[in-house]
1. Within region B:74-95, is there a residue that is under 12 Å from the mean Cα position of the chain (by Cα) and charged (D, E, K, R)?
2. Can you pull out every residue in region B:118-133 that is touching a helix residue (DSSP H, G or I) at 6+ places or on another chain (Cβ under 7 Å) and facing another protein chain (nearest Cβ under 10 Å)?
3. Does residue B:67 satisfy being within 11 Å of chain A (Cβ to nearest Cβ) and crowded, with 17+ Cβ neighbours inside 10 Å?
4. Which of the numbered conditions does residue A:170 fail, given that it passes all the others? Conditions: (1) part of a helix (DSSP H, G or I); (2) touching a residue at least 12 places away in the same chain (Cβ under 8 Å); (3) among the polar types (S, T, N, Q).
5. Any chance region A:664-674 includes a residue that's of a type outside the set (Ser, Thr, Tyr), surrounded by fewer than 24 Cβ atoms within 10 Å (Cβ to Cβ) and within 14 Å of chain B (Cβ to nearest Cβ)?
6. For residue B:107, work out the one condition from (1) β-branched (Val, Ile, Thr); (2) within 11 Å of chain A (Cβ to nearest Cβ); (3) buried (at least 24 other Cβ atoms within 10 Å of the Cβ); (4) touching a residue at least 40 places away in the same chain (Cβ under 8 Å) it doesn't fulfil.
7. Name the residue, out of B:115, B:18, B:82, that is farther than 20 Å from residue B:141 by Cα and more than 12 Å from every other protein chain (Cβ to nearest Cβ).
8. Test residue B:41 against the criterion of being buried (at least 21 other Cβ atoms within 10 Å of the Cβ), facing another protein chain (nearest Cβ under 7 Å), of a type outside the set (Asp, Glu) and on the phi > 0 side of the Ramachandran plot, and give yes or no.
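The values are calculated or read from the model by the stated rules, or taken from the named source; none is laboratory data. This is a predicted model, so every value here is computed, not measured. In this analysis, Cβ positions are derived from the backbone assuming ideal geometry, glycine residues included, and neighbour counts consider all displayed protein chains.
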Amino acid sequence: MAATSRREFLAIGGLLVGFKFGDSAFAPQLLAAETAQTPAPARLDSWLRIGADQSVRVFTGKVDIGMGVQTALMQIVAEELDVAVARVELIMGDTGETPDQGGVGGSTSISAGAKPLRNAAAAARALLIELASARLGVAPGQLEVADGVIRVKGDASKSVSYGALVNDHNLTENLRVSGSGFAVNVEGNGKPKDPAKYKIVGQSVPRVDLPGKIFGRAMYSTDVRVPGMLHGRVIRPSGAGASLVRVDDSAAKGIRGYVQTVTRGNFVGVVAENEWAAIRARDAVKVTWSGVADVFPSDLYAHMRQAKPKASRESGRAEFSRGQKIVEASYEWPFQAHATMGPGCAVADFRADGITTVWSGAQKPHALKQGLAQMLGVDEDRVRVVWVEAAGSYGRAGDEDVAGDAALLSQAVGKPVRVEWSRADMTAWGGKGPAAMVDFKAALGADGRIEALEMIARAFSGTEIIPQANTAGNMLAGQLIGMPNTTEGNEYVQWGASTFAYEIPQVHWAGHVIAPLAPAASPMRAMHLRDPNGPAGTFAGESFLDELAAAAGADPIEFRLRHIKDPRMEAILKAVAERAGWETRPSPKRDLGAGRGIAIALRGGTYVATVAEVEADRTNRAIRVKRLVCAHDCGLIVNPEALRGTIQANLVQSMSRALKERVTFDDHKVTSVDWKSYPVARWADVPKIEVVLVNHPEIAPSGAGEPSSRPTAAAIANAVFDATGVRVRRAPILGSG
Amino acid sequence: MAQISLNVNGKNYRVDAEPDCPLLYVLRDNIGLNNPRFGCGLGQCGACTVLVNGSAMRSCTLPVERAASKKIVTLEGLGTPEHPHPVQAAFLEEQAFQCGYCLNGWILSAAALLERHPHPSEQQIQAAFEGLICRCGSHAQISAAVKRAAERRA
């Protein structure tokens, strides 16, 4: 745990700013805001500072949502600086301490997010070598570095440590800045290493966060405790479109520790001195809402087919003629919930002068700072968001919205308030991964190849609420107090370069965005859930490819290879087939009630192929996934075992979504409120999981957090077809839908 | 309000609490522990698991008065980095978990299971774990860790 322990930094020269941290469990409150300007990326010491004790403190706008990316980022910095990983400490996602890197999203933390860290470390190393050269009177080319000590090659008696050098010099050099958000990058005078010479990158360094978690010493956003803190709970409307009529808190007044009920517009929350009092007060307060009905459709897919799209796009052309063999099929994917393990939780401390600190597990803390400032009506630089790890969010989960709730309550009562959502607040009122439906049509030529293909996708936009909570109206609390959502976007289920691995002569794609089911403050508002449109689009596309293979009487892998020219995709298809022991033959097999299916995906330069093996019984429709085998190529692998762990877990989570997960709702509210009404995979559902990692040290790393979400559902559905001859075209596969 | 005596991780406490308050909030708010964790408040997920007289229990639905004078062990009290419990050592070696928010349930249920069944069958493991959720999907590593822990204890 040395790597993440809070070290006391000595104030030396201009390099260090005299950090002093107490016990880590209380560190965030000691950091409470005075001023909260975000460090400028153009200065080296915004990214990296070295202590007299040889410790390296790295500041990143990236955060870790449970996949271990912090360990990988530390390896990358340690590699460039030639120091042991244990010397590196990473400060993540604090808007007053770390540059804005757009937060976390799109599986870009390594592919894009590590670039400025790598370059800043290389710049620092070059600068330190220059200083050592002057100090030792030796040309830079004759110097080498071992664990932060610069020495003369062949004469170890002549050396100087990084720590000694920074006594006399500030690492405040200017860096050249390019890009913004996820793409922000910096460059200094140092050149990063040739990956062929990596010694630390590529090693399975144990995850630095796990010891603290396993021994119960880690701190999550739920564990932030601020002096004088009160506890809040929210009371949501009776359904989409309901308006607050009246609040009667007389029954709550008898609860010891009850403080008050806060109402503003349609926002209602209770505040109490302790959690149990807050929970009981929430249940005791009588709230009357205006009646609502007929907001949500009774048949979701019929609605999606009939609704006039709010936006449409298309590309390409596909012509079909009479002589061709035509195959058509339609696929449906439901709304799904983040349903994070820990419901949303945040602490907000709004002071009388408007200075506000918010502790949050939000994936994009710098954006959240803007949205909260707007909601509170204060200058952005008065607000500081301190990221504290939360339960795995996997997209725009609950951390931003609950931060808005806490900010409103703290502002109303003038004291720090911690808000923790109930399970129903999370599952029913958290954002939803959008539903989609896709119609496919294709023509097979006499040679068994696809000659023309048409894909027409209808889906809700995953950016009804954009992932950046940079406006008040982006957050549920903002909408409940009447602030408009001004940043809604249109996101399509695509058939594009990032998802499509095949070469087909004619491809026609059309995408339609279905309008949100309710205009504002809706429990069905669509947001990003891990790999936003990937599982839906790939379930459709890769199931359809399987239907075409069956129509052509071809083995599903052999059929795919007919349309693939990319050698990396060919290689992982072969790798997964070999590990899975794939038997080459057309589907379905039908006879034994057991089957196997394949699906592939390409996402942002990462190649994935997954084979599922299932047991399926046609008579009682029981399906059990027995084995998932995934081959994965994301270029250079930074930390093989941490990567394997993330992919293994992603296979289980994506299997859960494929088999079980569907948000249910009646005409005005969500009826998925807990783990019974929103079931996910449990122990008995989990199959044997195998991951084949394909490493390409010569290719810059691409993303790995999301791509393996993508093929799982189609691989399982294709295996069900192989076993039974029955084609599943609606997810979840086990649900009656 | 009542004064209730609790024994938590080997220490005796007297807390002022409503007798029906779930043990979870007393451990977190009165005693200041970070584990157990709130997951659902309904006994459906296991994030709030503690050991009560050696049995894995859901502290979110257990009224504090029913835990009075029993031996309560939370994750903080199971082992330390210097003296890890075999289950903690095994989970660390297997690098189990993604976010780790759920791990009270898995680690404490595994510890209770192995205390009762040092060489658990698949059915016994299933019975111990069926009430738990890991939303990240770390089940493969958890499975390996439980097997490793059983071997360690043997």
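1. yes
2. B:125, B:126, B:128, B:129, B:130, B:132, listed by residue number.
3. Details: within 11 Å of chain A (Cβ to nearest Cβ): no; crowded, with 17+ Cβ neighbours inside 10 Å: yes.
Criteria not met by residue B:67.
4. For residue A:170, the exception is condition (1).
5. So in region A:664-674, the residues of a type outside the set (Ser, Thr, Tyr) come out as A:665-670, A:673-674.
With the extra rule that they be surrounded by fewer than 24 Cβ atoms within 10 Å (Cβ to Cβ), the set shrinks to A:665-669, A:673-674.
Among the residues that remain, those that are also within 14 Å of chain B (Cβ to nearest Cβ) are: A:673-674.
Yes, region A:664-674 has at least one match.
6. The number of the failed condition is (4).
7. B:115
8. Details: buried (at least 21 other Cβ atoms within 10 Å of the Cβ): yes; facing another protein chain (nearest Cβ under 7 Å): yes; of a type outside the set (Asp, Glu): yes; on the phi > 0 side of the Ramachandran plot: yes.
Against the criterion (buried (at least 21 other Cβ atoms within 10 Å of the Cβ), facing another protein chain (nearest Cβ under 7 Å), of a type outside the set (Asp, Glu) and on the phi > 0 side of the Ramachandran plot), residue B:41 qualifies.
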